[in-house]
């Protein structure tokens, strides 16, 4: 079941209360339909002769499933996505920019600890890539 704020985002962006869910980075990534359309169109700009582009496209787009909210604000996560993300009893919903993610709670906490342990290196890597965080 989605929290009310996530439900409202989905409803506001699609009259049918639909979103796209897919496998990504060990979790389920959930996008509004307009955001998903933007992502799909960005793949058309990539060079399809690169094997890594085709492989990622196959993984990310072919694994995607359209999900509709029911009257209680729930979405049904397809079995292949539940298996991929190891979704069991306890899950975490995390808002991340233009999407939200559904995580196995243990894996989410593990990823957070890894980031905390490598915080300085991550910040240095981001800076080297030209990312400038202004807080």
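The numbers here are math on the coordinates, done by the rules we state, and not lab data. Every value quoted in this text rests on a predicted model; they were computed, and no experiment measured them. Heads up, the Cβs are rebuilt from the backbone with ideal geometry, glycines too, and the neighbour counts pull from every protein chain shown.
A few points about this structure:
- Relative contact order for the chain, counting Cα pairs under 8 Å that sit 6 or more residues apart, in percent: 26
- By the beta-carbon count within 10 Å of each Cβ, the least crowded to most crowded order of 33, 123, fewest first, is 123, 33.
- For semi-axes √(5λ) of the Cα gyration tensor in Å, the candidate list reads [x] 28, 18, 10; [y] 25, 21, 16; [z] 32, 27, 10; the entry that matches the value derived from this model is [y].
- Extension gain, residue 131 back to residue 66 (0.36 nm per residue minus Cα-Cα distance, nm): 20.2 nm
- Between residue 1 and residue 111, the simple spin-label model (points 7 angstrom out along Cα→Cβ) gives 2.4 nm.
- Net length gained if the chain between residue 80 and residue 59 were fully extended (0.36 nm per residue, minus Cα distance): 6.4 nm
- Between residue 11 and residue 40, the FRET efficiency from the beta-carbon distance, with R0 = 25 Å, is close to 0.70.
- Distance between the stretch 85-131 and the stretch 25-59 - C-alpha centres, whole angstrom: 20
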